[in-house]
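Q: Before I ask anything, here is the structure I am working with.
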Amino acid sequence: MALIEVTNLKKSFDELEVLKRITFSIDKNDVIAVIGPSGSGKSTMLRSLIHLEEINGGSICVDGDYLVQDGQYPKQQEIKAITAKMGMVFQHFNLFPHLTVQQNLEMAPSLVKNESADDIARRCQDLLKKIGLADKANAFPANLSGGQKQRVAIARALMMNPQILLFDEPTSALDPELTGEVLTVMKDLAEEHMTMIVVTHEMGFAREVANKVLFMDGGQIIEANHPEEFFNNPQHERTKAFLKKNL
Ligand code: ADP
Ligand code: MG
């Protein structure tokens with residue numbers, strides 16, 4: 001069974017049809033790179049998976065449970081239980097500016113209240129060590145570089161033990177010299193078999209780390225393939241044109 005099954009997903013903002021019957025599935029341990037021109041619906045698709053957008057039709061099934069089935073959403077509590085299986089990392093980090101790094105990481109798990117403060121603190125330390133920021137536990141986001149902020153945002157998402165991590169252009173807001181440290185953390189996660197969906201303009205990452213590439217244009221998935229086939233032998237004219245401009 002697929003971990004995420006998306007069927008005929010439709011989303012409009014007023015008259016603007018942004019996602020046009022999108023269908024795809026994601027297996028456990030998949031690293032999916034989603035690429036495509038600006039405005040093609042990549043963020044809306046990702047946000048729909050975690051219920052930051054409500055879709056207008058179609059189904060999203062996560063780990064056997066429907067987040068939405070034929071456009072119908074279940075009760076709020078059920079929605080929450082399903083979206084809790086996913087973590088999201090945003091382009092602009094979205095850290096709480098008034099909280100320290102450690103407080104940012106501990107916030108969500110401490111609200112769930114099923115784990116002792118000591119256990120949460122221990123996991124926080126472990127994760128900060130893992131992303132190379134053990135010495136920044138008491139720093140505030142404003143005193144971190146963009147690359148450090150994004151690594152903290154990834155660690156914060158991991159604190160909730162998600163089954164799936166969603167990334168929306170995690171390196172697009174960074175100076176070029178800072179993208180590497182974030183991509184390294186993401187690559188490490190992929191090697192640990194974290195299931196990830198990554199919207200990205202980093203073609204090197206898509207080619208080397210992803211096991212599947214989805215190319216979106218005009219609210220549709222135009223082409224989906226293994227990276228090698230996708231980059232070496234693109235089938236669709238729109239894919240070819242996009243790669244020509246972006247490789
Ligand atoms: P991408 O991430 O591929 O750049 P988006 O999913 O952000 O694309 O946007 C797809 C289309 O939907 C764009 O035309 C964008 O202007 C529109 N859009 C996105 N969010 C909203 C919104 N909240 N209200 C109205 N239109 C939106
Ligand atoms: Mg976007």
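The values are calculated or read from the model by the stated rules, or taken from the named source; none is laboratory data. Keep in mind that this is a model prediction, so the values were computed, not measured. Note that we place each Cβ from the backbone using ideal geometry, even for glycine, and neighbour counts take in every protein chain shown. Calculation scope for accessible area: heavy atoms of the full protein, side chains included, ligands and nucleic acids excluded. Shrake-Rupley method; radii C 1.70, N 1.55, O 1.52, S 1.80 Å.
Q: Which of the helices (runs of 4 or more DSSP H) contained wholly in the range 130-247 include at least 2 residues that are on the phi < 0 side of the Ramachandran plot and either at pLDDT below 95 or of a type in the set (Asp, Glu) (or both)?
A: Result: 176-191, 227-232, 237-246.
Q: Can you list residue pairs whose Cβ atoms sit under 7 Å apart, with the first residue in the range 41-67 being over 12 Å from Thr83 (Cβ atoms) and the second being within 11 Å of ligand 1 (Cβ to nearest atom) and part of a loop (DSSP other than H, G, I, E, B)? Count only pairs 6 or more apart in sequence or on different chains.
A: If the second residue must be within 11 Å of ligand 1 (Cβ to nearest atom) and part of a loop (DSSP other than H, G, I, E, B), the pairs left are Gly41/Gly219; Lys42/Gly36; Thr44/Glu53.
Q: Take the residues of the range 156-188 that are within 16 Å of ligand 1 (Cβ to nearest atom) and among the polar types (S, T, N, Q): which is surrounded by the fewest Cβ atoms within 10 Å (Cβ to Cβ)?
A: Ser172
Q: Scanning for something touching a Ser or Thr at 6+ places or on another chain (Cβ under 7 Å), more than 24 Å from Lys187 (Cα to Cα) and modelled with pLDDT of 95 or more, does the range 26-36 turn up at least one residue?
A: Scanning the range 26-36, I find no residue that is touching a Ser or Thr at 6+ places or on another chain (Cβ under 7 Å), more than 24 Å from Lys187 (Cα to Cα) and modelled with pLDDT of 95 or more, so the answer is no.
Q: While we're looking at this one, here's another question. Is it the case that Glu106 is assigned to a helix (DSSP H, G or I), exposed (fewer than 14 other Cβ atoms within 10 Å of the Cβ) and of a type outside the set (Lys, Arg)?
A: For Glu106, the condition - assigned to a helix (DSSP H, G or I), exposed (fewer than 14 other Cβ atoms within 10 Å of the Cβ) and of a type outside the set (Lys, Arg) - is not met.
Q: Please go through the range 33-78 and pick out each residue that is within 16 Å of ligand 1 (Cβ to nearest atom), over 20 Å from Lys10 (Cβ atoms) and in contact with a Leu (Cβ under 8 Å, 6 or more places away or on another chain).
A: Of everything in the range 33-78, those that are within 16 Å of ligand 1 (Cβ to nearest atom), over 20 Å from Lys10 (Cβ atoms) and in contact with a Leu (Cβ under 8 Å, 6 or more places away or on another chain) turn out to be Ala33, Ile35.
Q: When the range 165-193 is examined, which residues are found to be free of Cβ contacts under 8 Å to residues at least 60 places away in the same chain and of a type in the set (A, V, I, L, M)?
A: If the condition is that a residue be free of Cβ contacts under 8 Å to residues at least 60 places away in the same chain and of a type in the set (A, V, I, L, M), then Leu174, Leu178, Val182, Leu183, Val185, Met186, Leu189 are the ones that fit.
Q: Name the single residue that is farthest from Ile22 (Cα to Cα) among those in the range 198-247 being open to solvent by 40 Å² or more (accessible area, probe 1.4 Å) and within 13 Å of ligand 1 (Cβ to nearest atom).
A: His201
Q: Tell me, yes or no, whether the range 139-154 has at least one residue that is surrounded by fewer than 16 Cβ atoms within 10 Å (Cβ to Cβ) and among the aliphatic types (A, V, I, L, M).
A: Yes.
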